[in-house]
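Comments concern the structure below.
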Amino acid sequence: MADGRATRDGTGSADEPESAEHVRKNREHWEHEAAEYQQRNRAQLNRWDRLGWGVFDALEDDIHALGDVDGLRALELGCGACQFGIKVAMRGAAVTGIDFSMAQLQHAPANFEESGVRFPTVQANGERLPFGDASFDLVFCDHGVMGFADPFRTVPEVARVLRRGGRFVFNGTTPWIWVAWGDLEEEQPASREMRLDYFDMRSMESQDPSWRTTEFQLPYGEWIRLFRANGLAIDDLIELRPPADAVTTYDDYAPLEWARAFPAEHIWKVRKE
């Protein structure tokens, strides 16, 4: 299925050239931060008894974002150490994982061993997917590639590798929280103030020494037009609201009180026509 080298329980490389400076920058960040990230969030990520979405672990069995995946050919777009993909594979999907960070992927074999579930992974750039047309029934992403890559490059690629009727389901930040965060350089938690121009959002650069990334977001109308331009019909937009007693290891993302008042994360469900 992949044009790169893949293994059943390790990693492969697609040997693709970089497409933009932000890809190199974001890869360098994850190569440096992967070990600490995995250690810090292990208690949440490595719960094999539940499939949860996002910062506050919204349960798939409650929100039904993926639905029945049994027998589907599925691609996890930005799989990291494969915890989310493992849980999807436990539900019967034939999963392939892709991530541009070898440091992240190197944590996957231990999770395969711990969970008893294995699937092939490929190291490659999510803006240039090393797969043939119509290779997958489902592409899914929990933050992952869609937060750190240009949507004007990723969405056409996802549409290309999906079969007709295939679904793209991905969770990520919202325009709401971007406006509440403001400039990433200011390091402020989400507030009820509007700190960023809504219509000008596209990408932001973080200069935090521990989080040097370029991240992406679009206004809602631009997302809709981008999906439609690539033959993707919108089935749903699930705005995640954590329960009052929610806990998370991602305690720097958004205060719980804020995330209960405004959507800090949402899941797009789109389908290839």
Worksheet item: Under 12 Å from the 7 Å Cα→Cβ point of TRP48, by amide nitrogen: which residues of region 114-146?
Response: 114-118
Item to complete: Over region 170-273, give the accessible area per residue in Å² for a 1.4 Å probe, as an integer.
Response: 53 Å²
Response to the item:
By the Cα gyration tensor axes a ≥ b ≥ c (a/c under 1.5 gives rounded; else a/b larger than b/c gives prolate, otherwise oblate), the shape of region 183-273 is oblate
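From the square roots a ≥ b ≥ c of the eigenvalues of the alpha-carbon gyration tensor of the chain, which class results: rounded (a/c under 1.5), prolate (a/b over b/c), or oblate? Walk me through the numbers before you get to the answer.
Working: a/c = 1.29, a/b = 1.24, b/c = 1.05.
In terms of gyration-tensor shape, rounded.
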Item to complete: Hey, can you grab everything whose amide H is under 5 Å from the amide H of GLY97? Only 5+ residues off in sequence or another chain; H modelled, so Pro and N-termini drop out.
Response: GLU76, THR121, VAL122
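Would you calculate a helix-derived [θ] at 222 nm for the chain, using -39,500 (n - 2.57) for each DSSP H run of n ≥ 4 and dividing by the full residue count, to the nearest 500? Numbers along the way, then the final one.
Working: 10 runs with 86 residues, N = 273.
The helix contribution divided over the chain gives -8500 deg cm²/dmol.
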Item to complete: Quick one: check the C-alpha center-to-center distance for region 78-135 versus region 146-171, whole angstrom.
Response: 16 Å
Worksheet item: Taking H as built 1.01 Å from N, whose amide H comes closer than 5 Å to the amide H of TRP211, not counting residues under 5 places away?
Response: none
Discussion item. Can you list residues from other chains, or at least 5 along the same chain, whose modelled amide H is less than 5 Å from the amide H of ALA134?
Written reply: VAL161, LEU162
Worksheet item: What percent does the relative contact order of region 209-273 come to when contacts are Cα pairs within less than 8 Å and at least six residues apart?
Response: 42 percent
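Explain nothing, just the number: dipole magnitude of the chain about its Cα centre with +1 on each Lys and Arg Cβ and -1 on each Asp and Glu Cβ, in debye rounded to the nearest 20.
960 debye
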Worksheet, complete the sentence: Per the C-alpha gyration tensor (a ≥ b ≥ c, the square roots of its eigenvalues), region 55-199 is rounded if a/c is under 1.5, else prolate if a/b beats b/c, else oblate; here it's prolate
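Solvent-accessible area per residue for region 71-133 at a 1.4 Å probe radius, Å²?
Values: 1790 Å² over 63 residues.
Accessible area per residue, region 71-133: 28 Å².
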Worksheet item: Counting pairs of alpha carbon atoms under 8 Å apart in space and at least six apart in sequence, what relative contact order in percent does the chain give?
Response: 21 percent
Practice prompt. Sort GLU113, GLU239 from largest to smallest accessible area, using a 1.4 Å probe on the heavy atoms of the protein chains.
Written response: GLU113, GLU239
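The values are calculated or read from the model by the stated rules, or taken from the named source; none is laboratory data. Please read these numbers as outputs of a predicted model, since none were measured by experiment. No Cβ is skipped: glycine too gets one built from the backbone with ideal geometry, and neighbour counts run over all protein chains shown. Areas reflect the complete protein model, heavy atoms only, side chains present, ligands, DNA and RNA absent. Shrake-Rupley method; radii C 1.70, N 1.55, O 1.52, S 1.80 Å.
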